[in-house]
1. What number goes with the only condition from (1) within 30 Å of F485 (Cα to Cα); (2) open to solvent by 40 Å² or more (accessible area, probe 1.4 Å) that A746 does not pass?
2. Could you give me the residue pairs with C-beta distances under 9 Å whose first residue belongs to region 556-578 and is in the same structural domain as I540 (by the TED database) and within 17 Å of L531 (Cα to Cα), whose second residue is assigned to a loop (DSSP other than H, G, I, E, B) and among the charged types (D, E, K, R) wherever it lies, and which are 6+ apart or on separate chains?
3. Read through the list (1) open to solvent by 30 Å² or more (accessible area, probe 1.4 Å); (2) under 32 Å from the mean Cα position of the chain (by Cα), then give the number of the only condition that S99 fails.
4. Could you check, for region 578-595, whether at least one of its residues is surrounded by fewer than 23 Cβ atoms within 10 Å (Cβ to Cβ), part of a helix (DSSP H, G or I), at pLDDT below 85 and of a type outside the set (A, V, I, L, M, F, W, C)?
5. Out of everything in region 543-553 that is in contact with a Phe, Trp or Tyr (Cβ under 8 Å, 6 or more places away or on another chain) and hydrophobic (A, V, I, L, M, F, W, C), what residue ends up being surrounded by the fewest Cβ atoms within 10 Å (Cβ to Cβ)?
6. For region 243-266, name all the residues that are assigned to a helix (DSSP H, G or I) and open to solvent by 80 Å² or more (accessible area, probe 1.4 Å).
7. Quick one: which residue in T426, T407, T413, T431 is closer than 20 Å to D88 by Cβ and in contact (Cβ under 8 Å) with a residue 12 or more places away in the chain?
8. I need the full set of residues from region 531-553 which are over 22 Å from L505 (Cβ atoms) and either in contact with a helix residue (DSSP H, G or I) (Cβ under 9 Å, 6 or more places away or on another chain) or aliphatic (A, V, I, L, M) (or both), in order please.
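The values are calculated or read from the model by the stated rules, or taken from the named source; none is laboratory data. Bear in mind that the values here come from a model prediction, so they are computed numbers and not experimental data. Reconstructed Cβ throughout: ideal geometry from the backbone, glycine too, with neighbour counts over all protein chains shown. SASA here: full protein model, heavy atoms, side chains in, ligands and nucleic acids out. Shrake-Rupley method; radii C 1.70, N 1.55, O 1.52, S 1.80 Å.
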Amino acid sequence: MDPEFGKSLDTSKKNSWRTSLLLAYQSLGVVYGDLSTSPLYVYKSTFAEDIQHSETNEEIFGVLSFVFWTLTLVPLFKYVFVVLRADDNGEGGTFALYSLICRHARVSLLPNRQVADEALSTYKLEHHPEKNSSSGVKLYLEKHKVLHTALLILVLLGTCMVIGDGVLTPAISVFSAVSGLELSMSKEHHQYAVIPITCFILVCLFALQHYGTHRVGFFFAPIVLTWLLCISSLGIYNIIYWNPHVYQALSPYYMFKFLKKTRKGGWMSLGGILLCITGSEAMFADLGHFSYSAIQTAFTFLVYPALILAYMGQAAYLSQHHHTSYQISFYVSVPESVRWPVLIIAILASVVGSQAIISGTFSIINQSQSLSCFPRVKVIHTSDKIHGQIYIPEINWVLMILCIAVTIGFRDTKHMGNASGLAVMTVMLVTTCLTSLVIILCWHKPPIVALFFLLFFGSIELLYFSASLTKFTEGAWLPILLALFLMTIMFVWHYATIKKYEFDLHNKVSLEWLLALGPSLGIARVLGIGLVFTDLTSGIPANFSRFVTNLPAFHCVLVFVCVKSVPVPFVPPAERYLVGRVGPAAHRSYRCIVRYGYRDVHQDVDSFESELVSKLADFIHYDWHRSQHSPHSEEDVSHSNESTSECRLAVIGTVAFSGTPAYEIEESMQPASVSIGFSTVESVTDVIEMEPVHAVERRVRFAIDDDSESDVRTNMELQLREELQDLLAAQEAGTAFILGHSHVRAKQGSSVFKRLAINFGYNFLRRNCRGPDVALKVPPVSLLEVGMVYVV
């Protein structure tokens, strides 16, 4: 099942309240696992060193007040009521915000952009483009190229911190849950038991990733629901039994009282308090799997009240216990009679929370890869029915090694919490900045509204961020180090990819050179289909000219294929293929642009090859059909046979023709879109989409209209049949995939940094990561690689 079709079918179902409640229940296991386990370590991290619990209870009540207002302002007000509305066709996350901004302002650094991409049904704008031109912020952003790079760096920073959170969250969640054993064994035994048990659980967690979330996913929601009911029940019990007046601490007055007494120590302890909102970003990042109403309902009516009760219950217990024999932790407030069941549920909930962030890390790396911001890695789709559930083996094992290293290296919640807190606040600051731009560019609100949003929420997050930075030597250095390392890799890869594209663009070969190739020059045409992969959307790539120079032959049917990403989450199947001719019809050369969104599933090579041939057949039929029914038929025939320029590209989705078709493919036809003309970045090219039609059933057959009204029409029918027969014969002979095998080096006179980045950094990554043939899943027997040296 195609994920796009499933997505469109689900859209109508999400409208009913019953479906929303079901989705809200399912979201508990995927979205709220990390957020719901934060009570395990918030108080323990806050009181680890900077402040002490005293008889006056000012510290514990002040911390409770901070936790309450932080949970209210950031997850509830910021995310649920504002950020979740900044979705990209139902998708959320850092790249969704970047995609929205790139569609409303020309700030994208992606190569091979086409105006034709703006005709995609998922490329929707909030308002007509002419209304956007009045925005001074938009004009300023578009004018200064350095801001385009700064925006990309900001997005990459947020992405790297999410990946860093994928390392830290499993470690701190599982470690905090297992640390409950300290109340059931001696300190000596506890010291040697917690670390091995935590590492064992982490190894099992990562070892099971290749099975996919869907195989155990139905357990996730009940576990998190049980955990939320458990901590809220414990909270109510502790409030009633120990301190029924603890609700008074929710007043903001206690925050000021807390800071007045603790001063610098209280400010530094905010690095532990901010852990109460870890996992909030998951509400936005996982928006595409559920719906706005489902996530809003689950958080507002279940997760938020349960967390508040849990924190109030812990505070109520601690307000009556100032000299506990154990360090402040979640488990000291759990009655001894239910401590073991709570421990087991906590471990299961921490595993669920870890699973959510691991899956999110896979997803964001896949998105980065599709936007040319991450080296190619192997992506395995673990579910045929549920879109977005993927597994990346290389990333999985690297995350596992780093998680175990963090657990063994830090050995306590304090250092892990400091590291996790900095990563979380950085992601939230990036989201706040990008959302502010969305408010102006996409929602077209006055800049003062965006400025208020930025200052209000940004100041809260900066306060916590500054407290986290003070913990640099106590664990907060780790996410900074990871982010610098990952950002270097991602920026070098993206920079070299852009430079390679610019090299291809400046060194492409003219169409006249291609058309001049023939027997007179010793060039032979062999039977079969040659698929030449390139990043160019027009012109003949230099790697093909090098191929013909070294091997003076090419296939009788030649297709220049450009597989490109567009700044939308999904491209509907009916709008995926742009097909056109390269030269006259007799040359049998075509161009096919295959467009994918940043969350699309790329096809395997077998289905891609067969679908590409069917799209070519549809285009051939459409092109001759258009010429036949044009008021200037003779001119079109001449154009088809004598043109030395690239013909118009057509969006080949599904199409029906009047009269008797000459070639048809048996499939269910769906309506496509209206006819519009566009231009590309490199050259002006007409792009025509098919007219809307009703669903029809078609079969493979050849036919000629015996009652032709003119010799021109008969001649066109014969040429159509001949071209289709050539295509089928070439398909039966086999398909060759022609890819460039590139080596990139910096040109003479380049700076030291550029030489290091290109000659060493990029080439090291290229040699040690998946090649384009692996990413495209090309069988080795059909692969032809052309060596190319790029001097950039």
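1. (2)
2. Note: pairs meeting the criteria are C556/R588; V557/R588; L558/R588; C562/D535; V563/D535; K564/R113; K564/D535.
3. (1)
4. Scanning region 578-595, I find no residue that is surrounded by fewer than 23 Cβ atoms within 10 Å (Cβ to Cβ), part of a helix (DSSP H, G or I), at pLDDT below 85 and of a type outside the set (A, V, I, L, M, F, W, C), so the answer is no.
5. This residue is V548.
6. Answer for region 243-266, where residues must be assigned to a helix (DSSP H, G or I) and open to solvent by 80 Å² or more (accessible area, probe 1.4 Å): H245, Y247, Q248, Y253, F256, K260, K261, K264.
7. Being closer than 20 Å to D88 by Cβ and in contact (Cβ under 8 Å) with a residue 12 or more places away in the chain holds for just one of T426, T407, T413, T431, which is T431.
8. Selection gives L551, P552, A553.
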